[in-house]
Amino acid sequence: MIVFGIETTCDETSVSIVEKKKNNEFGDILVEETLSQIIKHKEFGGVVPELASREHSKNLDYLVKRSIKSSKINFNKIDAYAAATGPGLLGALLVGTNYAKALAVASNKPFISVNHLQGHVLISRMNKKINFPFLCLIVSGGHCQIILAHNERKFKIVGESVDDAVGEVFDKISNILGYGYPGGPIIEKLARRKKNKFTFNLPKPLLKDKTFNLSFSGLKTAVRRIIESGLEKDEKLDLAFQFQEVITICLLEKVKRALKYYKKKYNINDFVLSGGVASNLFIRESFEQMCTKEEITFFAPETKLCVDNASMIAWAGIEMLRNGKIESKINLSPKPRWRIDKL
Ligand code: KG4
Ligand code: ZN
């Protein structure tokens, strides 16, 4: 089974060809071509939607051709074309969705509409044995959700940020500090050089609240005020570390409680950390330790599969195709606000 995946939800133009062999439950990436637009958006301090769509239109055709050429896979060997059709920026989604539809129509193969978050949740199953139901935390530039995965199509959002996504907060704080976009890797690097000389009193919003929801806008405002009061270099390093630490404490606490609850309810044994922020080593290691204590098996994709990529879209396509659940209509429209619990 070979599926061609296209990802254009935000600022990464990515195509991938993933194969699942008959007697193997896992998949192999035959080729993945990803072009990041980070440099184009950097000067604006974040993603500019119109610019993103233009860049996708400019580059997708070339990436598709290059991937076919380097994989040496003939189009007639491809079983289906999958595209991330939401959530994301409408103009950006239209480019990838229409391209995948065109390929599907031209080759008379199915078109599979994949939810971008579904890709983030399922990608770890491409090379690891993770049984449904399992719990997943997606932390990215646009999302922060604790998701219960019942099967490849049925998901429940058990908790989420009521305001900002985690990656978004990393990006904002980095911008205010004057270090630019994307903020996550920059803050992580600064935090590693901490001096432990200064202590900042940072709020931990919703930590004591009984739901599995999270909130980060209060923390963002508190950090912004501290930065605006004027900081020396060493103070910035300590603030970066404490900011990253508080975010981790809030995420850990809510996920730990959700794991305890759903372990009892559904006998969950596996936890997956996913999304761009999951490439943060401090956050990864903290979750791994927590899971060991809670006797839960911890999974996180390798870094290049944490950030946006088309392999996760192709793999989600395979997961649906192998269960015969492909109903995507060719006149389907992309859904910028498509929630994973509304598949
Ligand atoms: O999943 P992703 O590539 O795109 C979205 O779907 O949003 O995530 C991008 C986000 C950005 O906000 C970026 O700052 C954050 O992931 N990120 C990180 C790290 N690497 C990327 N955040 C914290 N630490 C990192 N090392
Ligand atoms: Zn993403």
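Any read-out appearing in this document is the output of simple, stated calculations on the displayed coordinates, not a laboratory observation. If you're wondering where the values come from, they're calculated on a predicted model, not measured in any experiment. Note: ideal-geometry Cβ built from the backbone for every residue, glycine included; neighbour counts use all protein chains shown.
Figure legend: label point modelled 7 angstrom from the Cα of ARG153 along Cα→Cβ; residues of region 89-115 with amide N under 15 Å from it are 111-115. Of the two radii for region 134-303, the radius of gyration is 0.98 times the Kirkwood radius, both from the alpha carbons; that is the Rg over Rh value.
Contact order normalised by length for the chain, with contacts defined as Cα pairs under 8 Å and 6 or more residues apart; what percent is it?
Answer for the chain is 24 percent.
With the gyration tensor restricted to C-alpha atoms of the chain, the semi-axes of the equivalent ellipsoid amount to 34, 24, 16 Å, longest first.
Work out, step by step, the length gained on full extension between LYS69 and ASN196: first 0.36 nm times the residue separation, then minus their alpha carbon distance; give nm to one decimal. Can you show the working numbers first?
Numbers: separation 127, 0.36 × 127 = 45.72 nm, distance 5.23 nm.
Contour length minus Cα-Cα distance gives 40.5 nm.
Computed per residue of the chain from DSSP H runs no shorter than four, each worth -39500 (n - 2.57), the mean residue ellipticity at 222 nm is -14000 deg cm²/dmol. Among the listed pairs LYS128/LYS293; LYS195/LYS236; LYS204/LYS256, those with a Cα-Cα distance over 18 Å are LYS128/LYS293. Over region 220-343, the ratio between the Cα radius of gyration and 2.2 N^0.38 Å evaluates to 1.40. The trypsin sites (Lys or Arg not before Pro) of region 173-255 that DSSP puts in a loop, and whose beta carbon has at most 10 other beta carbons within 10 Å, are LYS197, LYS208, LYS210.
Summing +1 for each Lys or Arg and -1 for each Asp or Glu, what net charge is found among the other residues whose Cβ lies under 11 Å from the Cβ of GLY46?
Numbers: positive: LYS42, LYS172; negative: ASP11, GLU43, GLU168, ASP171.
So the environment of GLY46 carries a net charge of -2.
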